[in-house]
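Only the coordinates and a few stated rules stand behind these numbers; no lab work does. Only a predicted model underlies this, so the values are computations on that prediction, with no experimental measurement involved. With ideal geometry, Cβ positions are generated from the backbone for all residues, glycine too; neighbour counts draw on all protein chains shown.
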């Protein structure tokens, strides 16, 4: 059996541990109260804030392969704000295609389709016919500024 002094020393150690734990508990209680206060303030701020998707003009990208095609069409539509009456873009949208999607369906690079539309490259008749089949866009010289290269 331990001596009286050893028991008292052990009791003092437990008392010191208990006081340390009490101090830690007070600190944790203060931290918990501060966390609850922060939560309340953030919820109040969220309740009084208008929901906004983004604050400035941000160009969306259409390179996410898991994106639904309707989202791609909507992004394409919003990008054409400066040219809302572009008939080629309208034809693509009616066919539920973006210009990038049309280029993919044609098996060409989107930049090449852009060059066809700008008139810096002539389009082959076969490709113009495929665009017509996909979008309804006429396959004639009047609608392809760079001209149409006839079939060989």
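Distance between the modelled labels on residue 4 and residue 118, one decimal in nanometres: 10.1 nm (7 Å Cα→Cβ projection).
Compute the length gained on full extension between residue 29 and residue 109: take 0.36 nm times their separation in residues and subtract their Cα-Cα distance, giving the result in nm to one decimal.
22.6 nm
Length gained on full extension, residue 43 to residue 94: 14.0 nm, using 0.36 nm per residue less the C-alpha separation.
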